[in-house]
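Down below is the structure, laid out as structure tokens.
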Protein chains: 2
Amino acid sequence: MTLADRVQYPAFHSRIMSADEAAALIPAGAHVGMSGFTGAGYPKAVPAALAARIERLNREGHGFRIGLWTGASTAPELDGALARVDGIDMRLPYQSDPTCRAQINAGQMQYVDLHLSHVAQYVWFGFLGALDVAVVEVAGVLPDGRLIPASSVGNNKTWLDQAQKIILEVNTWHSPGLEGMHDIYYGTDRPPHRVPIPMTEPHQRIGEPYLRCDPDKVVAVVPTHQPDRNTTYAAPDANSQQIAAHLLDFLQHEVRRGRLPPGLLPLQSGVGNIANAVLAGLDGGPFKGLAAYTEVLQDGMLALLRSGTLATASATAVSLSPEAMEDFNARIDFYRERIVLRPQEISNHPELIRRMGLIAMNGMIEADIYGNVNSTHIMGSAIMNGIGGSGDFARNAYLSVFMTPSLAKGGAISCIVPMVSHVDHTEHDVQILVTEQGLADLRGLSPTQRAAQIIERCAHPDFRPALHDYLARARRGAVGQHTPHLLDEALSWHQRFVRTGSMRGV
Amino acid sequence: MTLADRVQYPAFHSRIMSADEAAALIPAGAHVGMSGFTGAGYPKAVPAALAARIERLNREGHGFRIGLWTGASTAPELDGALARVDGIDMRLPYQSDPTCRAQINAGQMQYVDLHLSHVAQYVWFGFLGALDVAVVEVAGVLPDGRLIPASSVGNNKTWLDQAQKIILEVNTWHSPGLEGMHDIYYGTDRPPHRVPIPMTEPHQRIGEPYLRCDPDKVVAVVPTHQPDRNTTYAAPDANSQQIAAHLLDFLQHEVRRGRLPPGLLPLQSGVGNIANAVLAGLDGGPFKGLAAYTEVLQDGMLALLRSGTLATASATAVSLSPEAMEDFNARIDFYRERIVLRPQEISNHPELIRRMGLIAMNGMIEADIYGNVNSTHIMGSAIMNGIGGSGDFARNAYLSVFMTPSLAKGGAISCIVPMVSHVDHTEHDVQILVTEQGLADLRGLSPTQRAAQIIERCAHPDFRPALHDYLARARRGAVGQHTPHLLDEALSWHQRFVRTGSMRGV
């Protein structure tokens, strides 16, 4: 398939140019909205060209930096390339890049960590300033100028709508078979003009398969042929498998108790090895014909679709290993019937999450004995990645589950602590905690009742005595017994880790 | 108006009995769902009779306690009476009673502090166990057995639906003119059977004016004639007026910048003196014909309806001073055209809050320099009241505003601290902070940018140098510069207060 097959809108042919030429159209200080969600569908060429331009100009003393807005995380050739030349002044709404992370934690890059469902509307509301340029990867352009989205949708609809100028990357690496897999809903609006989102089932299509785009705003069309980041995930380790087993036991228990229907409810699953282990566990279990309504489809979700454990899956991105991507392209007609890719304002919309009653399963960094969860910060100060969509899902889900191994850093860190060093999900939003040790069901429990469950079921046995001891002393010494804390000790486990490299030695 | 006029369903006449007789129908260990929201519409007679029964039985060694579920806070003759006899084992989802608070903080009563929009659905989902008895105050019973709600709706629809037996209190103190003011929506369901809630405007009626009730479940009808709690609020003090002035300036600024329509967006307002000052300030301002979509209508809202500043108001309760209640009853036809009272699952529903784009204005106990808000805990351990609906509103609003005077306890406490001692609203959910000192607009800012704004604009000048000093030293000494904290000092202001009675002396 040639570039001409992919760019069928005639007026764009004269705007086909190199990445360097396109990058030259991005002014210093611009707010740039780039496509990309979990290493899928991000622009592959313009960011590198922009980085080279920034490096050259900054060497000449021009102080060239941009505000970089995306869907979520991208890849080294976008976040990494721009961060390495000190080209990002402000980053939002999510990142997971080592160079970005280092710069944020060195105080050299500003980072605004947002709920992923909030981003598009904040731009529409004018809360983040004007969007100057959109750089959006697509799989093709129709004869009428509409765009075939690539492997992620993210905030692309909003970037295309709101940007003053648009740079398109047309990546012929993407399968032409992606066409028809997307569902772009154009019924959103600003208050007071909003109406109900007409979706009641995860697989429902409520929009159109293409992105609209004002062709007059398109200043450059850059051809590329490069794969997505396509990370391979490790096979589930023993801890992940145990976490998955506890969770599957629990889901079956809930079905028996009549608190979940036999076909469960739509599944939301975070990314990473634990999530993949849970999915693998589901595939061996009694459930069939389930639905996923989530952010990202990884290898595990595809396996579940093939086996029939999942009947359908809705997401905003497909982020696969190279092997899974081969299978995805080979059977794309099969997957297109079962997968819907949507804007992240829809995949993460509180209205839909609450209405459809999701089972939200997300990873975390640490939880405290009262059920507060830290998803973002290391030792209270350093960012890891960001909150992503976990808040959208946890607050509004039917069931809100958070998972982690009980230990980190080779056993130096207990992931169950007296008080978390940063709170992303409050005690009011966390129903189920799972570690390889067990599962704590916190529904309907007071803080001290939760503490007993969490310590006994989720904490590693090495740290249980110290947690029990903390709780017992707090129950004697705290100024109140609702959530008893000893303020001079509450963060001492983190302090000890910072000082000695280990939380042990209590 | 006689009792017979109020209880028009013939089969109920034989079930009219005294509060003592009705209280005898509540078994030990029962989960009891009582009406009541912010001191409005709570049962007035059965709780006291139940308290007397519990006291008697416990004196005989029976260990009689109940689980008490309500809409929100009630009054001394409900929460207070039952707590004083040690009759409450577990309380949810909100309380503000001094006796309850003391027992919770002494570790003698379990308290489950829930988002108010979550309560009804948790009961439907079976997450809190079975509801044994409902005790619901109403204004009257129709000939067909349907109920005219009283001054609050709260969770009454759910209590009546879910309870195995029902005790009605028919309170002839409520104006018969309440009939027609309520809108009870019966379109909610459990997933996967949920559909969009068909509301796009705050004043819209989507249900019916009466509560349905299976008459066979009604075991007792208790006549009462007693007023609601009806607290009088103090006239706004200077601090409240300054907070209101900052907020009104900001709203006008947002209208000028095109980020708010000239008629604003629906207002949600917490309860208390600051909220009343904001409303009073609005009444002197340039806005007319506004809408409120909130939990509770207090005196201030009525004044705004009378002046035309507010065109309509939606809530789940009307909680007035005795003087305002007189006016309310005198002009009830005027108010009935402008006020809609709904179940709290609708007044606080994320779907509707997000769709209609509310301006959410809530009080807080403290905020930290990074914009995390504590709404519930004193010094990290002791409960004050509860999160109430603030999380429902803040996470989903168009604008999320939190307000407090910069000082508390006669200046011994700074309400802006290095790190809050408990988090109810995370940095991701807080856009605007206001104290009498000024207003910090946190939209689109990174944590350290937020800190500069919050310290300079919101902290009291007495504490600004110490906050600047903390931030400066954290920027040198923290393990990461995204949210720089010194873990051994982060809670030291609270520790100092516990030790010395003051945060001063840094």
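A short reminder: the numbers here are calculations on the coordinates, not readings from a lab. The structure presented is a predicted model; accordingly, all values stated were derived computationally and were not measured. We place every Cβ from the backbone using ideal geometry, glycine too, and count neighbours over all the protein chains shown.
In what order do B:S117, A:S321 fall by count of nearby beta-carbon atoms within 10 Å, going from fewest to most? Don't skip to the answer; put the middle values down first.
Details: B:S117 26, A:S321 15.
Least crowded to most crowded, the residues run A:S321, B:S117.
Along the charge dipole of the protein assembly as shown, Cβ charges K/R +1 and D/E -1, which of A:L68, A:L439, A:T224 sits furthest on the positive end?
With unit charges placed on the Cβ atoms, the residue in question is A:L439.
If you take every residue apart from B:W173 with its C-beta less than 15 Å away from the C-beta of B:W173, what net charge results, scoring Lys and Arg +1 and Asp and Glu -1?
On the way: positive: B:R6, B:K44, B:R229; negative: B:D5, B:E77, B:E137, B:E169, B:E179, B:D228, B:E326.
Neighbour charge sum, excluding B:W173 itself: -4.
Rank these for me by crowding, A:D216, B:D79, going from fewest to most other beta carbons within 10 Å.
Numbers: A:D216 10, B:D79 26.
With the sparsest Cβ surroundings first, the list reads A:D216, B:D79.
Kindly give Rg over Rh for the protein assembly as shown, based on alpha-carbon atoms, with the Kirkwood expression for the hydrodynamic radius.
Numbers: Rg = 28.4 Å, Rh = 29.4 Å.
With Rh from the inverse mean 1/r over Cα pairs, Rg/Rh is 0.97.
Distance in nm between label sites at A:A412 and B:H62, each 7 Å beyond Cα in the beta-carbon direction?
With each label point 7 Å from Cα toward Cβ, the separation is 6.0 nm.
Using the Karplus curve 6.51 cos²θ - 1.76 cosθ + 1.60 with θ = phi - 60°, work out ³J(HN,Hα) for each residue of segment B:112-129 in order, rounded to whole Hz, and write x for Gly and Pro.
10, 8, 10, 4, 5, 6, 8, 5, 4, 5, 4, 5, 4, 6, x, 6, 10, x
What FRET efficiency do you get for A:E337 and A:D216 if R0 is 41 Å and r is their Cβ-Cβ distance, rounded to the nearest 0.05? List each step's numbers first, then the result.
Numbers: r = 36 Å, r/R0 = 0.87.
Efficiency at R0 = 41 Å is approximately 0.70.
Can you list residues whose amide H is under 5 Å from A:G71's amide H, if they're 5+ apart or on another chain and H is modeled 1.01 Å from N?
Correct list: A:G36, A:N155.
Label-point separation (nm) for A:Q449 and B:D144, each offset 7 Å from Cα along Cα-to-Cβ?
With each label point 7 Å from Cα toward Cβ, the separation is 4.0 nm.
Given +1 on the Cβ of Lys and Arg, -1 on the Cβ of Asp and Glu, and no further charges, what dipole in debye does segment A:1-82 carry about its Cα centre, rounded to the nearest 20?
Numbers: 7 positive and 7 negative charges, 19 e Å.
Once rounded to the nearest 20, the dipole reads 100 debye.
Give the separation of the Cα centroids, segment B:1-20 to segment A:327-345, in Å.
62 Å
For segment A:16-139, rounded, prolate or oblate, judged on the Cα gyration tensor with a ≥ b ≥ c (square roots of eigenvalues), a/c < 1.5 rounded, else prolate if a/b > b/c? All intermediate terms of the calculation are to be shown ahead of the outcome.
Details: a/c = 1.38, a/b = 1.19, b/c = 1.16.
In terms of gyration-tensor shape, rounded.
Using only the Cα atoms, work out Rg/Rh for segment A:371-472, with Rh taken as the Kirkwood radius, to two decimals. Please list the in-between numbers first.
Values: Rg = 13.1 Å, Rh = 13.9 Å.
Rounded to two decimals, Rg over Rh is 0.94.
Could you tell me the relative contact order of segment B:70-138? Use alpha-carbon pairs under 8 Å, at least six residues apart, and round to a whole percent. Each step should come with its number before you reach the end.
Working: 68 pairs, mean separation 19.2, N = 69.
Relative contact order of segment B:70-138: 28 percent.
Let's see if you can work this out: charge +1 on each Lys and Arg Cβ, -1 on each Asp and Glu Cβ, no other charges. What is the dipole magnitude of chain B about its Cα centre, in debye to the nearest 20?
Details: 42 positive and 50 negative charges, 181 e Å.
Using Cβ point charges on Lys, Arg, Asp and Glu, chain B gives about 860 debye.
Go through segment A:365-375 residue by residue and turn each phi into a ³J(HN,Hα) via Karplus (6.51, -1.76, 1.60, θ = phi - 60°); whole Hz please, and just put x for glycine and proline.
Result, ordered by residue: 8, 7, 10, 9, 5, 9, x, 7, 10, 9, 10 Hz.
Nearest 5 is fine: what % of DSSP beta bridges in chain B come out antiparallel, could you say? The partial results should precede the final answer.
On the way: 18 of 68 bridges.
Percentage antiparallel, nearest 5: 25.
If you put +1 on each Lys and Arg Cβ and -1 on each Asp and Glu Cβ, how big is the dipole of segment B:205-357 around its Cα centre, in Debye rounded to 20? Provide the component values of the computation, followed by the final result.
Values: 15 positive and 17 negative charges, 119 e Å.
Approximately 580 debye in magnitude.
If you line up the Cα atoms of chain A on their principal axes, what length do they span on each, largest first, in Å?
75, 56, 47 Å, listed from the longest principal axis down.
Output needed for segment A:219-353: three equivalent-ellipsoid semi-axes, defined as square roots of 5 times the C-alpha gyration tensor eigenvalues, in descending order, whole Å. Before the final figure, lay out the partial values.
Details: eigenvalues 153, 64, 38 Å².
The equivalent ellipsoid of segment A:219-353 has semi-axes of 28, 18, 14 Å.
So, R0 is 25 Å and r is the distance between the beta-carbons of A:R306 and A:D237; what FRET efficiency does that work out to, to 0.05? All intermediate terms of the calculation are to be shown ahead of the outcome.
Details: r = 23 Å, r/R0 = 0.93.
Result of the calculation: an efficiency of 0.60.
From the residues B:N329, B:P261, B:L290, which one has its Cα farthest along the dipole of segment B:205-345 in the positive direction, the dipole being from +1 and -1 charges on Cβ of Lys/Arg and Asp/Glu about the Cα centre?
Most positive-ward Cα: B:P261.
Between segment A:465-502 and segment A:74-117, how many Å separate their Cα centres?
Their Cα centres are 34 Å away from one another.
A:T309's amide H: which non-local residues (gap 5+, or another chain) put their own amide H closer than 5 Å, with H modeled 1.01 Å from N in plane and none for Pro or chain starts?
Here A:G289 satisfy the definition.
How far is the Cα center of segment B:31-73 from the Cα center of segment A:359-438, in Å?
Distance between centres, Cα-based: 36 Å.
On a straight-distance basis, which lysines could pair with B:K157 in a cross-link, Cα separation under 25 angstrom, same-chain partners fewer than 8 positions away excluded?
Straight-distance partners of B:K157: B:K44, B:K165, B:K217.
Could you run the Karplus curve 6.51 cos²θ - 1.76 cosθ + 1.60 with θ = phi - 60° over segment A:75-85 and give me ³J(HN,Hα) per residue in whole Hz, x for Gly and Pro?
My calculation for segment A:75-85 gives 7, x, 6, 10, 4, x, 4, 6, 5, 4, 9 Hz in order.
If amide hydrogens are placed 1.01 Å from N in the peptide plane, which non-local residues have theirs closer than 5 Å to the one on B:G140?
B:I148
Normalised by the number of residues in chain A, what is the relative contact order in percent for Cα pairs under 8 Å and 6+ residues apart? Intermediate values should be presented prior to the final figure.
Numbers: 1185 pairs, mean separation 68.9, N = 506.
Answer for chain A is 14 percent.
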